[in-house]
Amino acid sequence: MSQKNIVLGVTGSIASYKAAELTSLLVKRGFSVHVVMTAAATSFIAPLTFQTLSGNPVHVDMFSPPKDWNVEHIGLAQMADLLLIAPATANFIGKIAAGIADDLLSATVLATKAPVVIAPAMNVGMYENKIFQRNMKLLREYGYYFVEPEEGRLACGTAGKGRLADLEKIIKVVENLIFREQDLSGKKVLVTAGPTREPLDPVRFLSNYSSGKMGYALAEEARERGAEVILVSGPTGLSPPPGVKVDFVETAQEMFEAVLNYFPEVDVVVKAAAVADFRPKQVAPEKVKKRGSCMVIELEATPDILFHLGKQKNKQILVGFAAETENLLENAREKLREKNLDLLVANDLKQEGAGFQVDTNIATILYPDGGVLRLPKMTKKELARVIFDEVVKLIKLREKEGDR
Ligand code: PMT
């Protein structure tokens, strides 16, 4: 295997010293690390530290005399298999979001075609600031990968989210991007995740226990395999996976509209969301008062999103989920047929370690030809991998048939 080049950008933060450990860990994993520092970073840690740990010259100044005839930021941008910025300050992230390239590192980020991974580190107030959140959202939409900071005690003495992510977590994102087979490259994948909420009045809603973990794992897996991913998510407490475009919705109707809007442009849809089948027929404009000892709520059906997609599909591969508490295979097979799906992933909610909220799942994949693949208990990320292995097989089969 030829050695992969990581251009490591270090910006001026109290966490800059952690980039030294990161350099050392990346070198130990066999990467060739080329460090680019902002001027502010050199106030926190000396370039010599990175030069010694990486065994490569450290780049700081855009206007230093060239060592060869490469324009330096273009040379770095082209040689990078991946550009990692750790730690990345709010200021530096703001510069990239605005397209500013006034130093060597920002110019390299703007010029590169390699994946860019950003690991922010800052004070919690800066992290929560709407301007920073907007910048991060924008860059995510442009395909930049974020490894979100962690909660903990911060250098300023307060506690909250802002501490540079664990170095092993950052390296895992890097390795996944560099070494994972890009077998979904060029494909657009739409994943739905989480519950929907159906309002009853301004303070109450009907919903379910879905945490979004299954759907977020699927979105992450598809992105790591090179797909362009749109995640339509109901309300969850999860951080979106790096490099994924997220569209947050609340109700089944909103999810229906978002999914149908994206549908014509996507190649694959995986519907892991737990969509409410019914909603209150009337939504009270004011909080419903407690009267008497019982209350009757009239419900009406929500649109069945998958059913609509199954009717409309042409080139798209449709993957549905079935959450069952009885007659798993029988009910799942019915859904596969009714909704015109290409694959159906059935999970039995009564089994321990399967279904809502937990990090694992126990699934059975059903195929339209009657085939059944029973899977053991595995993490939701591992299940996501198996599901996309099956999706890729289907894509290849269709491409082969198309060639004939
Ligand atoms: O989010 P987690 O806590 O990780 O839990 C994961 C999960 C249990 C939610 C997930 O694995 C799962 O099973 N998701 C589907 C849940 C569900 O709604 O199942 P269903 O059998 O009611 O629906 C069948 C399929 O039709 C699903 O793909 C669903 O997204 C879709 N559907 C359902 C109703 C509706 N109105 N529109 C739909 O598109």
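Would you confirm, using the coordinates I've provided, whether P240 is within 28 Å of Q182 (Cβ to Cβ), in contact (Cβ under 8 Å) with a residue 12 or more places away in the chain, within 15 Å of the ligand (Cβ to nearest atom) and part of a loop (DSSP other than H, G, I, E, B)? Taking the combined requirement at face value, the residue satisfies it. Across the stretch 374-387, not a single residue is classified as within 8 Å of the ligand (Cβ to nearest atom), part of a strand (DSSP E or B) and on the phi < 0 side of the Ramachandran plot. If you go through the stretch 337-355 and keep only what is near the ligand (Cβ under 10 Å from one of its atoms) and under 17 Å from V270 (Cα atoms), you end up with E338, K339, L341, L344, V345, A346, N347, G355. Looking across the stretch 208-237, the residues that are assigned to a helix (DSSP H, G or I) and more than 9 Å from the ligand (Cβ to nearest atom) come down to L218, A219, E220, E221, A222, R223, E224. Among all residues of the stretch 158-165, there is at least one that is modelled with pLDDT under 90, small (G, A, S) and more than 14 Å from the chain's Cα centre (by Cα). Looking at L260, L336, can you tell me which residue is assigned by TED's automatic domain parsing to the domain that holds K213 and either farther than 28 Å from Y367 by Cβ or in contact with a strand residue (DSSP E or B) (Cβ under 7 Å, 6 or more places away or on another chain) (or both)? From the options L260, L336, the qualifying one is L336. Restricting attention to the stretch 324-333 and to residues that are in a helix (DSSP H, G or I) and near the ligand (Cβ under 10 Å from one of its atoms), the residue that is surrounded by the fewest Cβ atoms within 10 Å (Cβ to Cβ) turns out to be N331.
Only a single item in (1) more than 30 Å from A322 (Cα to Cα); (2) hydroxyl-bearing (S, T, Y); (3) in contact (Cβ under 8 Å) with a residue 12 or more places away in the chain is not met by Y142, and it is number (3).
Of the residues A97, A46, which single one is at pLDDT 95 or above and over 23 Å from the mean Cα position of the chain (by Cα)? Going through A97, A46 in turn, just one is at pLDDT 95 or above and over 23 Å from the mean Cα position of the chain (by Cα): A46.
Using the structure shown, decide if E265 is of a type in the set (D, E, K, R), more than 8 Å from the ligand (Cβ to nearest atom) and touching a helix residue (DSSP H, G or I) at 6+ places or on another chain (Cβ under 8 Å). For E265, the condition - of a type in the set (D, E, K, R), more than 8 Å from the ligand (Cβ to nearest atom) and touching a helix residue (DSSP H, G or I) at 6+ places or on another chain (Cβ under 8 Å) - is not met. Pairs meeting the criteria (first residue in the stretch 194-218 and more than 14 Å from L231 (Cβ to Cβ), second residue more than 11 Å from the ligand (Cβ to nearest atom) and hydroxyl-bearing (S, T, Y), beta carbons under 6 Å, at least 6 apart or on different chains) are P195/S207; R197/S207. For beta carbons closer than 9 Å, sequence separation of 6+ or different chains, a first residue in the stretch 1-22 that is free of Cβ contacts under 8 Å to residues at least 60 places away in the same chain and a second that is of a type in the set (S, T, N, Q), the qualifying pairs are Q3/S32; Y17/T49; A20/T49. Tell me which strands (runs of 3 or more DSSP E) are completely within the stretch 251-309 and hold 1 or more residues being among the small types (G, A, S), or say none if there are none. So the answer is 299-301. Considering the stretch 310-323, and only residues there that are part of a loop (DSSP other than H, G, I, E, B) and polar (S, T, N, Q), the residue that is farthest from E390 (Cα to Cα) turns out to be N314.
Scanning the stretch 91-114 for residues that are touching a helix residue (DSSP H, G or I) at 6+ places or on another chain (Cβ under 6 Å), under 19 Å from A80 (Cα atoms) and surrounded by fewer than 21 Cβ atoms within 10 Å (Cβ to Cβ) yields A101, A107, A111, T112.
The values are calculated or read from the model by the stated rules, or taken from the named source; none is laboratory data. None of the values given here were measured: they were computed from a predicted structure. Neighbour counts run over all protein chains shown; Cβ positions are idealised from the backbone, glycine included.
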